[in-house]
Amino acid sequence: MSTQHDVHEMRPPEHSVDDQPDHYGAPGEETEGTVYTASGQDWDQIVSAQAERGDELLVVNMGPQHPSTHGVLRLILEMEGETIQTARCGIGYLHTGIEKNMEYRTWTQGTTFCTRMDYLTPFFQEAAYVASIERLLDIEGDLPEKAKVIRVMLMELNRIGSHLVCIGTGGMEIGALTVMTIGFRDREMILDAFEAITGLRMNHAYFRPGGVANDVGHKELDKVKETVAWLKKHLPEYKQFCNANPIFLGRMKGVGHLDASACLALGITGPMLRSTGHDFDLRKQQPYWDYESYDFDVPTEDTCDALGKFLVRQAEMWQSLHIVEQCIERLEKMEGAPVMVADPKIAWPAQLSIGSDGMGNSNEHIKHIMGQSMEALIHHFKLVTEGFRVPPGQAYVPIESPKGEIGAHLVSDGGTRPWRAHFRDPSFNNLQAVPALCEGSLISDVVVAVASIDPVMGGVDR
């Protein structure tokens with residue numbers, strides 16, 4: 001089995017492995033090599049023990065608080081000089097128990113949990129979750145056209161926002177601080193548009209089984225148009241700052257190499273896979289919510305390195321912007337169209353709209369359920385307190401997120417809550433590539449390699 005390490009102290013080699021059992025090994029499993037421990041020796045003892053080993057191997061922690069680990073990710077690096085011999089990931093520092101908590105909430109309430117997993121891509125967790133519920137309910141064909149267009153528009157804006165953070169923080173970690181500041185500046189415009197539509201900048205719980213929580217009117221569309229105009233003006237700056245910068249190119253070229261066969265073997269999708277020349281994109285291969293009716297391309301590169309992943313994300317932002325423009329054009333022709341399925345046992349009993357405070361329900365909604373329709377009030381009470389029932393079965397609907405394939409495997413026992421909810425988060429799968437990307441490279445390249453994966457630990461640990 002692999003040797004277990006702690007970076008602080010080491011047991012001198014004269015101690016047998018029986019004196020210091022490997023707590024991470026299975027019962028009866030033989031330990032190979034030295035087991036590093038933290039047993040309180042003085043520094044002189046540690047130094048002398050290392051000297052007796054006769055090699056230059058050094059075990060170093062990168063993280064979990066290190067800014068270049070994209071969240072609370074711990075990397076255990078065995079180094080000889082500055083060269084990485086082995087690299088392992090330590091995860092679980094951001095565990096929130098979201099999947100287990102969802103088993104104790106109604107199907108609709110589950111959206112408030114999963115939206116918080118990958119905090120940079122909330123709409124994609126919501127999309128995967130509600131898509132699987134809708135398949136279990138067999139209402140995929142009943143979804144209102146307007147609801148699907150709104151979902152696509154918000155997801156593509158969210159894709160741009162996620163890529164901006166990836167490019168911005170990746171640039172910051174190699175010294176390109178201006179790329180970080182403009183990345184967050186442009187993302188603010190997108191978050192403002194989200195707030196105008198959903199009432200929240202993040203953690204929206206806006207996608208609901210059967211549609212979306214509230215309509216998008218002229219005022220909200222104007223805000224989206226303003227955001228599109230802003231992005232069209234400022235996205236070229238990333239090309240100016242990065243693509244022709246010899247320092248940026250020198251730090252990215254040839255770093256974090258992973259070819260298509262390795263990506264497929266590890267189950268890696270998204271920009272990492274498309275940087276190998278493979279054009280796999282679920283929006284094209286397995287279209288959902290009428291993606292086949294939108295005009296867009298799937299950008300690819302064939303460099304298989306960090307630079308290729310950056311260029312793919314850069315090109316994808318322009319394609320997403322093109323899709324958003326098509327969504328705006330469609331929504332302008334759908335004024336007054338429904339945004340929720342008609343079944344009152346699943347849908348909220350009135351068309352919701354955001355209140356004047358930008359958060360609460362509008363007076364029109366309250367007036368309808370409290371003063372005009374006893375049936376609506378009863379349905380509202382039942383939906384909020386108990387929830388709707390979902391037929392027994394299981395479903396998994398894959399969605400193309402900014403980081404790759406995300407899906408929610410939901411199991412129903414016929415009740416008002418999921419019997420089991422488990423997400424395939426792309427950050428978790430993609431993080432498997434860390435040893436392949438880093439081993440044999442220099443420690444300075446680990447920062448670039450991890451940034452090219454674009455992991456978010458909220459999605460990994462959930």
Checklist entry - Do we have HIS234 as in contact with a Pro (Cβ under 6 Å, 6 or more places away or on another chain) and open to solvent by less than 40 Å² (accessible area, probe 1.4 Å) here? => result no
Next on the checklist: Would you confirm whether or not region 244-263 contains a residue that is at pLDDT below 90, of a type in the set (D, E, K, R) and not in a loop (DSSP other than H, G, I, E, B)?
Outcome noted: yes
Item to check | Filter result for ASP343 (modelled with pLDDT under 90, on the phi < 0 side of the Ramachandran plot and under 25 Å from the mean Cα position of the chain (by Cα)) | outcome: no
Checklist entry - Quick check: is even one residue across region 145-166 over 14 Å from the mean Cα position of the chain (by Cα), over 24 Å from GLU335 (Cα atoms), crowded, with 18+ Cβ neighbours inside 10 Å and hydrophobic (A, V, I, L, M, F, W, C)? => result no
Checklist entry - Before we move on, is PHE113 free of Cβ contacts under 8 Å to residues at least 24 places away in the same chain, open to solvent by 10 Å² or more (accessible area, probe 1.4 Å) and over 22 Å from ILE399 (Cα atoms)? => result no
Checklist outcome for this item: Of the candidates GLY250, GLY254, GLY217, GLY270, the one satisfying the condition of being open to solvent by less than 80 Å² (accessible area, probe 1.4 Å) and either of a type in the set (Lys, Arg) or within 22 Å of the chain's Cα centre (by Cα) (or both) is GLY270
Item to check | From LYS309, LYS345, LYS333, residue being of a type in the set (Lys, Arg), farther than 30 Å from GLU386 by Cβ and open to solvent by 60 Å² or more (accessible area, probe 1.4 Å) | outcome: LYS333
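Residue-wise test of (1) among the small types (Gly, Ala, Ser); (2) out of contact with any strand residue (DSSP E or B) (no Cβ under 9 Å at 6 or more places or on another chain).
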site: PHE123; (1), (2): no, no
site: GLY141; (1), (2): yes, yes
site: ALA147; (1), (2): yes, no
site: GLU156; (1), (2): no, yes
site: GLY183; (1), (2): yes, yes
site: ASP186; (1), (2): no, yes
site: MET189; (1), (2): no, yes
Checklist entry - Taking helices (runs of 4 or more DSSP H) that fall entirely within region 380-462, which contain at least 3 residues that are among the polar types (S, T, N, Q) and in contact (Cβ under 8 Å) with a residue 24 or more places away in the chain? => result 426-430
Checklist entry - Looking only at region 193-214, which residues are charged (D, E, K, R) and open to solvent by less than 50 Å² (accessible area, probe 1.4 Å)? => result ARG208
Next on the checklist: As an exercise: evaluate HIS234 against (1) modelled with pLDDT under 90; (2) farther than 30 Å from LEU437 by Cβ and give the number of the one condition it does not meet.
Outcome noted: (1)
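The values are calculated or read from the model by the stated rules, or taken from the named source; none is laboratory data. These figures come from a predicted structure and were not determined experimentally. Here Cβ is always computed from backbone atoms with ideal geometry, including for glycine, and neighbour counts include all displayed protein chains. Ligands, DNA and RNA are stripped out before the accessible areas are found, and what is left, the full protein with its side chains, is counted by its heavy atoms. Shrake-Rupley method; radii C 1.70, N 1.55, O 1.52, S 1.80 Å.
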